[in-house]
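J.: My questions all concern the structure below.
The values are calculated or read from the model by the stated rules, or taken from the named source; none is laboratory data. Predicted, not measured: the structure shown is a model, and the values here were computed from it. No Cβ is skipped: glycine too gets one built from the backbone with ideal geometry, and neighbour counts run over all protein chains shown.
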Amino acid sequence: MRPLSAVLLTLLAVPCLAADLTGNWAVRDPLPDGTFRTTYLDLHQEGSRITGSIRVTQFYYKIVESTGGADGFTLTGSMMDDTNERRVKYEGKLVGDELHVSTRRRPNADLVEMVAHRAPEGEGAMPARLPLPALHNVPYNGLAKTPPMGWNSWNKFASRVDDAAVRSMADAMAANGMKDAGYQYINIDDTWEASRDGQGNITTNKKFPDMKALADYIHSKGLKIGIYSSPGPNTCAGYEGSYGHEEQDARTYAAWGIDYLKYDWCGARNIYTDGEMQAVYQKMGDALLKAGRPILYSLCQYGRDDVWKWGPEVGGNAWRTTGDIRDTWDSMTKIGFSQDELAIWAAPGHWNDPDMLEIGNGGMTDDEYRTHMSLWAILAAPLLAGNDLRNMTPTILEILTNREVIAVNQDKDGKQGRRIAKSGDQEVWAKPLFDGGLAIGLFNRGDAPAKITVKWSDLGLKSAPVRIRDLWTHSDLKLDGLEYSSTVPVHGVVMLRLSK
């Protein structure tokens with residue numbers, strides 16, 4: 001009896017004609033949503049040397065080491081992921097017409113045993129490289145005049161997101177005060193996709209039986225709906241990307257009633273270089289404009305190739321400036337406090353995006369989440385909640401819906417705040433506001449409470465402001481003198497609004 005972990009696959013092509021490993025072998029792993037994850041081992045054996053490639057959805061490895069042959073072999077595949085090499089190792093043997101292989105998905109994961117069968121030659125190969133258009137400026141779509149606000153499924157649900165969860169998030173947002181506070185997008189991240197139909201149209205998997213009906217439901221709540229794709233053949237999670245179908249997918253999104261597209265580089269890295277990103281993203285920017293529906297365009301390529309310099313030129317309304325955030329103090333602060341020098345690239349309609357909010361997911365304290373919210377507000381960053389909106393504590397809801405903090409983020413001048421002072425683990429940031437005032441954040445990144453002082457002269461002021469408002473205590477402060485000091489809790493913030 002085969003182990004329960006074995007993944008059994010359908011024979012896809014001709015029987016084995018030789019007692020060696022040469023051939024294109026396929027493992028089709030069925031998923032609960034009705035899609036498949038297919039692993040291809042395209043092997044070429046010459047004596048005891050095995051060459052070729054291994055493709056696991058968007059991950060494409062060249063075989064760099066091998067031992068043995070049909071009666072027992074090991075293969076090591078290598079690929080470059082940004083600046084790091086990633087390796088996979090497969091072991092196995094040929095048993096009749098079947099290739100029995102095993103691998104570990106991650107270094108310390110359980111061993112996965114699989115049975116592969118021969119597939120037609122060329123199946124699973126990376127598609128041919130399509131030519132890229134000449135660069136031009138994609139006209140501004142008129143959207144996101146202030147940073148977009150909403151919710152995204154990935155941080156909390158990842159591949160578990162489905163139609164029911166999305167509807168219930170919309171219900172919660174409409175009822176719990178978030179909609180009234182300015183949140184409007186309900187965004188579905190990766191894993192909604194199935195394959196393409198006979199005409200090449202993208203289809204949804206079992207988790208999302210009717211995307212148009214779902215969009216209509218979201219709209220009925222007075223909210224908007226977002227979706228996800230990639231310029232590559234596959235998305236980050238290995239689902240169908242938009243490669244070669246940009247205009248077709250944009251028309252489909254418009255027909256469904258989609259209002260927001262997150263477009264993730266992942267699968268394109270096997271075909272294009274970072275230096276070609278602008279042309280790649282321009283293709284979808286043009287396609288969205290032609291689709292006949294306003295769709296906010298969010299570029300997700302992790303800040304590579306100085307995207308902030310060309311993001312507006314491809315029609316982008318926001319662009320990721322960093323790698324993925326995690327629900328930890330170290331991750332959030334490393335990302336958030338690294339954004340200072342990008343301030344000059346933010347403007348109404350075009351925003352630096354340090355990734356989604358982790359507020360309420362449980363990995364940080366309430367003070368740390370207030371720091372998260374305050375910093376993202378001062379950065380004029382998109383505010384995309386990533387928690388379960390249906391069962392928040394009152395404190396988390398209050399953090400996410402603090403209208404005075406949100407007003408700083410949504411300031412119509414669209415200026416991104418900057419660091420104006422730093423002493424050890426204490427930092428002061430300031431964001432200019434449309435009325436001539438300033439939003440100030442006193443941040444304590446240290447592990448003990450700390451007194452933080454801001455001097456009015458550092459802000460270009462000769463005396464104390466006319467009015468000072470504490471945005472977390474919702475109280476006015478009466479001050480004079482040449483500076484203001486406050487004791488800030490561990491990993492906490494004091495956020496002020498100064499009026500001239």
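J.: Restricting to region 214-236, name every residue that is loosely packed, with under 14 Cβ neighbours inside 10 Å and either part of a loop (DSSP other than H, G, I, E, B) or small (G, A, S) (or both).
T.: The answer is S220, G222.
J.: A further question on this structure: Quick check on T76: is it surrounded by fewer than 17 Cβ atoms within 10 Å (Cβ to Cβ), under 29 Å from R304 (Cβ atoms) and at pLDDT 95 or above?
T.: Answer is yes for this residue.
J.: Residue by residue through region 424-456, note down the ones that are among the basic types (K, R) and either out of contact with any Gly (no Cβ under 9 Å at 6 or more places or on another chain) or surrounded by fewer than 21 Cβ atoms within 10 Å (Cβ to Cβ) (or both).
T.: Within region 424-456, R445, K451, K455 qualify.
Conditions (1) surrounded by 12 or more Cβ atoms within 10 Å (Cβ to Cβ); (2) β-branched (V, I, T), marked per residue:
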{"residue": "Q45", "(1), (2)": "yes, no"}
{"residue": "G52", "(1), (2)": "yes, no"}
{"residue": "V64", "(1), (2)": "yes, yes"}
{"residue": "R104", "(1), (2)": "yes, no"}
{"residue": "D110", "(1), (2)": "no, no"}
{"residue": "A116", "(1), (2)": "yes, no"}
{"residue": "G122", "(1), (2)": "no, no"}
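J.: May I ask you to list the residues in region 454-480 that are at pLDDT 95 or above, of a type outside the set (A, V, I, L, M, F, W, C) and either at negative phi or not assigned by TED's automatic domain parsing to the domain that holds G436 (or both)?
T.: Correct list: R469, D470, T473, S475, D476.
J.: What residue, among those in region 456-500 that are in a loop (DSSP other than H, G, I, E, B) and polar (S, T, N, Q), is nearest to I406 (Cα to Cα)?
T.: By that ranking, first place goes to T473.
J.: In the set A174, A181, A170, A119, which member is more than 18 Å from I225 (Cα to Cα), at pLDDT 95 or above and of a type outside the set (S, T, N, Q)?
T.: Answer to the check: A119.
J.: So in region 191-200, with the set limited to residues that are surrounded by 14 or more Cβ atoms within 10 Å (Cβ to Cβ) and not small (G, A, S), which one is farthest from the chain's Cα centre (by Cα)?
T.: The residue in question is R196.
J.: Please find, among G72, G124, the residue that is closer than 18 Å to C236 by Cα and in contact with a strand residue (DSSP E or B) (Cβ under 6 Å, 6 or more places away or on another chain).
T.: Result: G124 is the single residue among G72, G124 that is closer than 18 Å to C236 by Cα and in contact with a strand residue (DSSP E or B) (Cβ under 6 Å, 6 or more places away or on another chain).
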